[in-house]
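Structure first, then comments.
Since every read-out is calculated from the coordinates, none of them should be taken as a lab result. As the structure is a prediction and not an experimental result, all values here were calculated from the model. Counting neighbours? That spans all protein chains shown, and the Cβs are built from the backbone with ideal geometry, glycine included.
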């Protein structure tokens, strides 16, 4: 199982840079009628609040990133707390 992750940080990151991160939440996403949820993470030791403004920015990004692809179907569901990504990560390791 492949997991998608958004790293939430105000610190610049270079393309290809590997960073240590920890999950802080997740949002539900359905892509072409299949679950493709996204983990929200921060760099280890950093703090980042998932405010309604952050949720809206992520929702808009996800809904628009593939808007040019004919037939592509995307929807965003609930934003969930830290337990959700931990459970998803654990399930992916089975």
**Message:** Let me check against my output: what whole-number percent is the relative contact order of the chain, with C-alpha pairs under 8 Å and at least 6 apart?
**Reply:** 37
**Prompt:** Taking 0.36 nm per intervening residue step and subtracting the Cα-Cα distance, what contour gain separates residue 91 from residue 2 on full extension?
**Reply:** 30.9 nm
**Fewest-first sequence of 26, 1 by Cβ atoms within 10 Å of each Cβ** = 1, 26
**Message:** Can you give me the angle between helix 52-65 and the longest principal axis of the chain, using Cα atoms only, in degrees from 0 to 90, rounded to the nearest 10?
**Reply:** 50
**Fill in**
Simple SL model, points at 7 angstrom along Cα→Cβ for residue 56 and residue 13; separation in nm is 2.5
**Item:** Cα-projected label distance for residue 35 with residue 68, points at 7 Å along beta-carbon direction, nm
**Value:** 3.2
**Message:** At a 10 Å Cβ-Cβ cut-off, how would you order 50, 69, fewest neighbours first?
**Reply:** 69, 50
**Request:** Counting only DSSP beta bridges with both residues in the chain, tell me the antiparallel percent, nearest 5.
**Result:** 75
**Item:** Spherically averaged projected area in nm², based on the convex hull that wraps the Cα atoms of segment 1-84
**Value:** 6.4
**For 35, 17, 46, order by how many other beta-carbon atoms lie within 10 Å, fewest first** = 17, 35, 46
**Request:** For segment 39-94, state what percent of all Cα-Cα pairs lands in each successive 5 Å bin, counting from 0 Å until the bin that includes the largest distance.
**Result:** 4, 14, 19, 21, 19, 14, 7, 1, 0
**Nearest-ten-degree value, helix 83-92 long axis tilted from longest Cα axis of the chain** = 80
